[in-house]
Structures are given as C-alpha cells and as structure tokens.
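Just below is one structure, and these are the notes that go with it.
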Amino acid sequence: MNELFASGNTIDHTQESSVHFYVEDNNNSDSSSIKNFERFENFQTKVDSSSSSEEKKVNFMFRMGIGSSAHLGESTQLGVGIKPAKVPLIFSFISESYRKTPLKKRYSEPNDMFLNALNLIYTTTFPNFDRVQVYAGGGAGLLKLEKYERSDDPDWRQKPYAIEKGFLFNLQAGFHGQLFWKIGFYAEGKYLYAKKAESNINVIDVKSRAWMIGLSLNLGLFDSSPLKKGL
C-alpha cells in the first residue's frame, strides 16, 4: 500500500517556509503517487511565488492640508507621495497656494503665490511604535507669483498687474500618524526660498517659514495592510 506523508513547517504567506514531501512505498510505486507528489510540488512553488510577489510593496499617500505663513498668508496643500517597500524614502509631489486675505492690511505686498514641487523625503518610525513616522527632506519646483495693487476697496483682488514665474526651493519636516482604517494625520514645518532679479530689481524675493496640518489617505499595492508600513 502506498502512503503519502508531509512534514515541515506551517505554510505562511508572509514568511519563508518549507514543506517536504516524500512517498513511502511499501510495495511498488505507481503513477498516482508520482502525480500526488508533483501536485504538492506545484503547490509549494505557487506559495513561494506568492510570497515573492507580496514583498514587492509600494505605498501611496494622498494628502490635503491647510496652513499659514507670517509673510505669505494662508495656505492650502495637495500632495501625492510614493514610497517603495524597504526603502526609507518618499517621492513626494506637492501643490501649494499662499494667499493674503484683503482684510489683513498689514501685508505691504498683497501677492498670491502658487507652487508645484517635487521633494525627496527620508522617513523613519519611532522604536516599537510604527503608527507614527517622522520625516524630513526637500526639493525644488516652479513658482508663480501674482502681484496686486493695494486698495481700500475690499474687492481689490480682481486682476494682477504682474505675474512672475521662477524656481523655488523648499525644505520640510514633520510627522505622520495613523488615525483609523487608511486615514492618517500629519503636521509639518516648511521653509520656502525663491529669488529672481531683472535689471537689478528683485521681482521675486521669497524667504519664509510656514506650517501645515492635514489628513491623508494611504493606499498600497501588494499589501493587505498598507498603513502599517506607512509613509
């Protein structure tokens, strides 16, 4: 009588495992035993292939926030971050706007600023507490500055008298934490720098600090719990 036995570790899709099969032939081996053995071999190959695929994780973070700058005004932020697995780096694309409300007359130059930047950010978690990540980095992008004439009319922001475009550099540092499901919270500080001169006159001169707070939506590919790895 042919008997088929299996011995080895429990199969775990998230960890390396090995399963060994052998055929004990008390009489004579036949084709059915060989087919069973091949079936188990194919199953093990699929498990190994699945484990290999699950290691290729990519996390995405979509975030939306608001903030302020003492020199640039109130701000809004939209961002998309991409983080490969096992690499503590985030490729982040951000779009921000800074607008000075007409009600605050203290602004000597009532200008609006819009920027799009690509940043490279390093991130890490607190020891034994992976629900919160800290991050820091920076990058460069394009800047558009819309200039307006100051007026006592509350509707003075109608049409800018000049629009300047240039390059901007920015630094950012903050933290990101998990709230529930795939929703997170972040807070960060920023530094913005841009300068452009024409005919020895500075048409763009930005040196300002800012802060941002907001919510994030975290999604992952090849990962059943993307937020656990976080961005």
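The values are calculated or read from the model by the stated rules, or taken from the named source; none is laboratory data. Predicted model, so just to flag it, every value in this text is computed and none were measured. Every residue, glycine among them, receives a Cβ derived from its backbone with ideal geometry; neighbour counts consider all protein chains shown.
Going through region 203-231 one residue at a time, which ones are at pLDDT 90 or above and not aliphatic (A, V, I, L, M)?
Passing the criteria: D205, K207, S208, R209, W211, G214, S216, N218.
Working carefully through the options A194, A173, find the one that is in contact (Cβ under 8 Å) with a residue 40 or more places away in the chain and surrounded by 15 or more Cβ atoms within 10 Å (Cβ to Cβ). Steps first, please.
Values: A173 fails: in contact (Cβ under 8 Å) with a residue 40 or more places away in the chain.
Being in contact (Cβ under 8 Å) with a residue 40 or more places away in the chain and surrounded by 15 or more Cβ atoms within 10 Å (Cβ to Cβ) holds for just one of A194, A173, which is A194.
Filter region 58-96 down to the residues that are in a strand (DSSP E or B) and among the charged types (D, E, K, R) and list them by number. Spell out the reasoning first.
So in region 58-96, the residues in a strand (DSSP E or B) come out as 58-69, 73-84, 89-96.
Result: R63, E74, K83, E96.
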